[in-house]
């Protein structure tokens with residue numbers, strides 16, 4: 001392709017966009033973003049602080065919740081600089097290295113969050129289906145090994161993406177769809193055949209999101225089978241009530257993720273605004289909702305939070 005030798009490929013940069021509109025509108029949009037980031041950051045940091053300082057919360061369920069809070073905070077930190085840069089000061093340029101680093105952290109943390117949701121489903125299965133062996137199965141060393149295994153899985157699967165993107169040629173100015181970098185967004189502006197990236201990206205997403213969501217579904221099949229076999233209606237509702245928070249987290253994560261993936265690969269130009277809005281829903285709403293839902297549904301955790309504010 002002659003574009004490979006074009007001078008436009010020298011000193012190329014990416015231009016972030018987001019919601020289209022004049023600078024004045026962008027500055028007004030930045031206020032709700034600031035509010036969301038503050039609420040999400042404070043909520044998840046508070047959850048981590050309470051779980052860390054209260055030894056009575058050093059149980060598997062709360063350890064997994066702290067893992068979820070860490071991934072949420074990581075996603076907030078990974079997206080916050082460029083989002084505020086676009087909407088507050090209208091600075092849209094981002095270098096290749098910064099863009100590739102950002103997409104690496106965003107996708108890695110997304111895979112880690114999917115893994116944490118799978119671990120939380122496993123926790124609920126053991127607690128409901130085999131409660132007598134709960135403490136002996138989910139020991140702290142075993143939880144640490146599972147967490148490390150899923151972190152390594154996420155890093156190993158995402159690490160090739162920046163290197164696959166670096167081998168492409170790009171124009172001097174490359175306009176992206178979001179106010180942060182994503183693999184499926186960056187590869188579309190490359191001046192080359194992106195078949196390998198497309199196949200690898202879809203394969204990795206299927207391995208992680210597909211397998212994790214399938215295992216979570218099978219976990220709830222086992223939970224329902226066990227719960228329905230219980231004769232006491234009160235015990236049945238009590239067991240299901242412990243899963244509501246996790247179900248909310250799963251739906252908030254997987255539904256926007258699936259919708260966004262389909263829009264990026266099969267959507268047309270008219271769906272750009274929908275892609276942008278769904279992207280913000282996927283990355284900003286779960287970090288805000290998770291602390292609220294778990295604080296409401298967990299009486300023990302709610303009591304500790306109230307005690308902090310009363311003090």
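The values are calculated or read from the model by the stated rules, or taken from the named source; none is laboratory data. Keep in mind that what you see is a predicted model, and the values were worked out from it rather than measured. For neighbour counting, all protein chains shown are included, and Cβ atoms are generated from backbone atoms with ideal geometry for every residue, glycine included.
Among the residues that make up region 120-143, is at least one of them within 17 Å of the chain's Cα centre (by Cα), without any contact (Cβ under 8 Å) to a residue 60 or more places away in the chain, buried (at least 19 other Cβ atoms within 10 Å of the Cβ) and within 29 Å of residue 307 (Cα to Cα)? Scanning region 120-143 turns up no residue that is within 17 Å of the chain's Cα centre (by Cα), without any contact (Cβ under 8 Å) to a residue 60 or more places away in the chain, buried (at least 19 other Cβ atoms within 10 Å of the Cβ) and within 29 Å of residue 307 (Cα to Cα). Selection of region 60-109 for residues being crowded, with 17+ Cβ neighbours inside 10 Å and part of a loop (DSSP other than H, G, I, E, B) yields only 92. Pairs meeting the criteria (first residue in region 230-243 and in contact (Cβ under 8 Å) with a residue 24 or more places away in the chain and at negative phi, second residue crowded, with 16+ Cβ neighbours inside 10 Å and assigned to a helix (DSSP H, G or I), beta carbons under 6 Å, at least 6 apart or on different chains) are 239/128; 239/227; 243/124. Taking (1) touching a residue at least 40 places away in the same chain (Cβ under 8 Å); (2) outside any helix (DSSP H, G or I); (3) surrounded by fewer than 16 Cβ atoms within 10 Å (Cβ to Cβ) in turn, residue 191 satisfies each apart from (3). Selection over region 195-226 of residues that are surrounded by fewer than 18 Cβ atoms within 10 Å (Cβ to Cβ), touching a helix residue (DSSP H, G or I) at 6+ places or on another chain (Cβ under 6 Å) and modelled with pLDDT under 90 gives a count of 1. Filter region 145-165 for residues that are touching a residue at least 12 places away in the same chain (Cβ under 8 Å) and farther than 21 Å from residue 198 by Cβ; which is surrounded by the most Cβ atoms within 10 Å (Cβ to Cβ)? My answer is 150.
On the stretch given as region 107-141, residues that are out of contact with any helix residue (DSSP H, G or I) (no Cβ under 9 Å at 6 or more places or on another chain) and either under 24 Å from residue 223 (Cβ atoms) or at pLDDT below 90 (or both) total 3. Do we have residue 29 as at pLDDT 90 or above and either in a helix (DSSP H, G or I) or over 19 Å from the mean Cα position of the chain (by Cα) (or both) here? Judged against the criteria, residue 29 is not a match.
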